[in-house]
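Single-structure report; data block below.
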Amino acid sequence: MQMIDFRSDTVTRPTTAMLKVMNAAELGDDVFDDDPTVDRLEALVAETLGKESSMFVPSGTQSNLAALMTHCARGDEYIVGQQAHTYLFEGGGGATLGGIQPQPIDQEPDGTLDLGKLAKLIKPDDYHYARTRLLCLENTTWGKVLPQEYLAKAKAFANEHGLALHLDGARIFNAAVEQEVSAAEIAAPFDSVSVCLSKGLGCPIGSVLAGSADFVKEARRWRKMLGGGMRQSGILAAAGIHALENHVDRLAEDHANASLLADGLAAIEGIDIGSAQTNMVFPNITEHKITGLAEHLKQHGILIMDPIAGSLRLVTHLDVDASDIRTAIEVFSEYLG
Ligand SMILES: *Cc1c(COP(=O)(O)O)cnc(C)c1O
């Protein structure tokens with residue numbers, strides 16, 4: 001049975017067209033800097049994000065870590081959302097491998113970090129304190145799009161306080177499509193931007209870190225040290241190029257499917273739900289109903305991640321279509337109704 005998989009947008013399988021371009025990719029050895037397909041991908045991402053340069057990396061985690069280590073030295077500090085992936089879900093790599101202290105702060109309900117609160121967290125220039133060097137934002141964050149005006153304010157704030165500004169833009173294209181702006185407009189205020197190819201864009205592997213030529217040159221040293229130097233990686237870069245050319249505009253379908261799912265679930269008694277956030281839906285389900293839900297869904301061909309504190313996260317992507325959404329609503333309704 002073909003499962004309907006809502007666990008994440010990372011679960012997509014390469015399409016036949018993607019496999020075809022991967023198979024035909026012109027290859028070299030990227031550690032020797034002579035893989036033409038990786039070069040093409042890096043040029044394409046740099047251009048798409050309006051940055052001078054970019055580098056292809058195996059994962060978003062490595063991309064964010066290389067960015068942290070390029071912006072900050074041992075004993076420096078970065079400010080980051082308490083609910084942000086970089087702080088919460090990357091194993092504490094900045095602290096462990098970079099000697100960089102995180103200064104987490106709760107995200108506001110709209111996903112932003114309150115700049116007034118941030119100002120109080122910046123340490124004075126005094127040897128009792130770590131040196132605050134970097135502000136790290138995430139867009140989309142838990143499916144939410146950060147408002148463009150906020151990004152401009154964050155940039156002014158970073159300038160005022162002498163901080164570098166990094167974007168974990170794992171899902172920057174979801175944010176772009178949702179707002180009908182270019183990814184470059186979102187990336188513009190940031191010194192560095194990390195983008196995942198392996199989420200909604202549908203690649204099997206890969207992320208890209210973009211920034212100035214000097215920044216990326218330095219980040220490449222960290223990538224090598226972190227074990228991210230890859231050889232005939234053009235085979236993966238080809239998938240990335242294909243995804244950027246074919247899978248960006250279609251993210252609107254994922255957002256429409258998430259809305260369809262949110263509306264369908266909202267009509268079921270026992271489910272409490274806000275609106276869909278880009279390609280994510282976060283239903284809250286009555287406690288006594290949630291036990292056994294995942295198992296019931298699985299028996300009916302639907303995969304979800306285990307609920308956290310009564311809250312589910314359902315993610316739409318390339319391998320889920322509108323008819324899958326209708327099936328899912330029926331199965332949820334059957335169990336909860
Ligand atoms: C998935 C994700 C990452 C990291 O990606 P991996 O490739 O899984 O290491 C970083 N940030 C956000 C917001 C993500 O969703």
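A few notes on this one:
- Within the range 141-171, the set of residues being touching a residue at least 60 places away in the same chain (Cβ under 8 Å), farther than 22 Å from Ile100 by Cα and open to solvent by 10 Å² or more (accessible area, probe 1.4 Å) comprises Trp142, Lys144, Val145, Arg171.
- Residue satisfying all of: in the range 172-181; in contact (Cβ under 8 Å) with a residue 24 or more places away in the chain and surrounded by fewer than 19 Cβ atoms within 10 Å (Cβ to Cβ); nearest to the ligand (Cβ to nearest atom) among these: Gln179
- Where Ala184 falls short, out of the listed (1) touching a Ser or Thr at 6+ places or on another chain (Cβ under 8 Å); (2) within 23 Å of Phe89 (Cβ to Cβ): (2)
Each row is one residue, and each column tells you yes or no for (1) surrounded by 14 or more Cβ atoms within 10 Å (Cβ to Cβ); (2) outside the structural domain of Ser194 (by TED's automatic domain parsing); (3) in a helix (DSSP H, G or I).
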{"position": "Lys224", "(1), (2), (3)": "no, no, yes"}
{"position": "Gly227", "(1), (2), (3)": "no, no, no"}
{"position": "Ala237", "(1), (2), (3)": "yes, no, yes"}
{"position": "Leu260", "(1), (2), (3)": "yes, yes, yes"}
{"position": "Ile268", "(1), (2), (3)": "yes, yes, no"}
{"position": "His288", "(1), (2), (3)": "no, yes, yes"}
{"position": "Glu295", "(1), (2), (3)": "no, yes, yes"}
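- Residue satisfying condition, being aromatic (Phe, Trp, Tyr) and open to solvent by less than 30 Å² (accessible area, probe 1.4 Å), within set Phe282, Phe332: Phe332
- Helices (runs of 4 or more DSSP H) contained entirely in the range 63-152, each with at least 2 residues that are modelled with pLDDT of 95 or more and within 15 Å of the ligand (Cβ to nearest atom): 85-88, 93-98
- Qualifying residue in the range 156-171 (condition: assigned to a helix (DSSP H, G or I), away from the ligand (no atom under 11 Å from the Cβ) and of a type in the set (Gly, Ala, Ser)): yes
- Verdict on Val31 being within 16 Å of the ligand (Cβ to nearest atom) and outside the structural domain of Asn257 (by TED's automatic domain parsing): no
- Where Ala210 falls short, out of the listed (1) of a type in the set (A, V, I, L, M); (2) in a helix (DSSP H, G or I); (3) away from the ligand (no atom under 14 Å from the Cβ): (2)
The values are calculated or read from the model by the stated rules, or taken from the named source; none is laboratory data. Everything numeric in this text was worked out from a predicted model, so none of it was measured. All Cβ positions, even for glycine, are placed from backbone atoms using ideal geometry, and neighbour counts span all protein chains on display. With ligands, DNA and RNA removed, areas are computed over all heavy atoms of the protein, side chains included. Shrake-Rupley method; radii C 1.70, N 1.55, O 1.52, S 1.80 Å.
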